[in-house]
Structure formats: structure tokens, C-alpha cells
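K.L.:
Sharing a structure with you now.
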Amino acid sequence: MRYTMTTISEITSNPQRRTFLGGAVAALVAPRLSRAADDEDEQQSPGDPFIVLLKGIYQPVPLGKGPLDNLKLTTVNLSDGSYSTTQIFPVYHINGSDDPNEPIGRFFVQFAGNKCAYALPGGSIAMQFTQNPIIAGIGFNTFVPVPDGQGGTFLEGTFELTILEATGVYARFKGGHNHMVDKLHKLASGQFDEFCFCNITTYQFP
């Protein structure tokens, strides 16, 4: 996922990835995310670090159909048509659900850009994928493709992100860091099925 943009742009050149379920996503996601980001007073601050899992099929966010208040973020525009979204699940030191199989928010990412956002219980976070270094051999800040044997490809790698902005109970994480461990599955259908652990901390990357 920052997906180093030269790599992800090539991977996502199939135009079908931005058309499936677009209308349904707009109708279901935007109002709920707007309300979720407003429930800040009822939430407790997460641990430092905290870990979440991004999991599920990515769905495009149509132009003008992002969260109504843009999750109170100013460094991203989630309604500009460049974002896709999937679900967030709790792993470690974050509130929202006692069931690890119950989603607690939504993740938004630019496949042809370098920004992303998290809609989480009690607030939201905007991040930017770092540019360097890129070590292709070990999948550092890029993907290593591995055929899945069924016409698709596993895209494996780790990614470093800087936290640009954070609201609500996550405010203290602004300026911090996110270390992603990603296994993105490009299905034979052209859809992308995410499985990515995010280790989010106030500590800056050395």
C-alpha cells in the first residue's frame, strides 16, 4: 500500500476495480462514518502503540461520496474519487469491540497516490506513505509479487507511514508513525482483498 505508486499504478490499471459496488458503498459507508467520528467523548484513548487489522475486499469511493464531514480531516479529500475503502478490525490496545471479528471502522487509501485515512472509534487519522528507502528485494516500502496458483497474485511487503493529522482520542498520535505488514491479494477477478496489520505509535521512525 503506499503502495509505491509506480508499482500500485501498474497493478491497479484494470478499470473494473473502481466500478464494483460503488453506489452501495456510498450509501452505506458515508453516514455511518460521519457518526462514528463524532462519538469521541464516549471513547477512551488507545494504547501506544495500538494495532489494527485492515481486512476485506476494497471498494471504490465514488467522486463526491466520501464521509459527509471528511472525518474532520484537512490533509486528505476522501470525496475526490481517488480513494478505495475496506474494513478495520481491532487487534491490540484499541477500543470499539470485544469481538476481533467485528469491524470497528473503515480504512481509505489512494491506489494511485500516497495518502490514506482511518475512521476509528472516537476519531480519525490521516497518513502519508514515506518515499524512501525502497528495498525491492525484501519488500520494504514496496511489494513482492507471489503467484497464488489460482490466477491471482499475493502482494507482500512492509510500509512506513507518517501520521499527518489525528482527531479526537488519537490527537496525540499526530507526527507519529505507522508500520504496515501487508499481504494484499489481487484476485483473478481483478479485485483486491486486503490483509494488513498496522502498528501505530507516537514514536517517529528513526
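K.L.:
Among (1) assigned to a helix (DSSP H, G or I); (2) at pLDDT 85 or above, where does Gly23 come up short?
P.N.:
(2)
K.L.:
Check every one of the strands (runs of 3 or more DSSP E) wholly within the stretch 110-206 and list those with 1 or more residues that are of a type in the set (Val, Ile, Thr). I'd like the intermediate steps shown before the answer.
P.N.:
Working: elements: 115-120, 123-129, 144-147, 153-166, 177-186, 192-201.
So the answer is 123-129, 144-147, 153-166, 177-186, 192-201.
K.L.:
Do you know which residues across the stretch 35-87 are in a helix (DSSP H, G or I), touching a helix residue (DSSP H, G or I) at 6+ places or on another chain (Cβ under 8 Å), surrounded by fewer than 20 Cβ atoms within 10 Å (Cβ to Cβ) and at pLDDT below 95?
P.N.:
Answer for the stretch 35-87, where residues must be in a helix (DSSP H, G or I), touching a helix residue (DSSP H, G or I) at 6+ places or on another chain (Cβ under 8 Å), surrounded by fewer than 20 Cβ atoms within 10 Å (Cβ to Cβ) and at pLDDT below 95: just Glu40.
K.L.:
May I pose another question? Search the stretch 154-188 for residues being of a type in the set (Ser, Thr, Tyr) and without any contact (Cβ under 8 Å) to a residue 60 or more places away in the chain, and hand back the single one that is nearest to Ile134 (Cα to Cα).
P.N.:
Within the stretch 154-188, the match that is nearest to Ile134 (Cα to Cα) is Thr158.
K.L.:
While we're looking at this one, here's another question. With respect to Tyr203, is the statement that it is under 17 Å from the mean Cα position of the chain (by Cα) and aromatic (Phe, Trp, Tyr) true?
P.N.:
When the stated conditions are applied, Tyr203 does not pass them.
K.L.:
Also, I was wondering about something else. Those residues that are under 15 Å from the mean Cα position of the chain (by Cα) and part of a loop (DSSP other than H, G, I, E, B), I need them from the stretch 88-103; list them, please.
P.N.:
Pro103
K.L.:
Yes or no: the stretch 129-152 includes at least one residue that is in contact with a strand residue (DSSP E or B) (Cβ under 9 Å, 6 or more places away or on another chain) and under 22 Å from Pro62 (Cα atoms).
P.N.:
Checking the stretch 129-152: not a single residue is in contact with a strand residue (DSSP E or B) (Cβ under 9 Å, 6 or more places away or on another chain) and under 22 Å from Pro62 (Cα atoms).
K.L.:
Any residue that is of a type in the set (Lys, Arg), surrounded by 15 or more Cβ atoms within 10 Å (Cβ to Cβ) and over 14 Å from the mean Cα position of the chain (by Cα) - is there at least one of those in the stretch 178-197? Give the derivation first.
P.N.:
Initially, the stretch 178-197 is screened for residues of a type in the set (Lys, Arg), giving 183, 186.
Keeping just the survivors that are surrounded by 15 or more Cβ atoms within 10 Å (Cβ to Cβ) gives 183, 186.
With the extra rule that they be over 14 Å from the mean Cα position of the chain (by Cα), the set shrinks to 186.
Yes, the stretch 178-197 has at least one match.
The values are calculated or read from the model by the stated rules, or taken from the named source; none is laboratory data. Everything numeric in this text was worked out from a predicted model, so none of it was measured. Methodologically, a virtual Cβ is constructed for each residue, glycine included, from the backbone with ideal geometry; neighbour enumeration extends over all protein chains shown.
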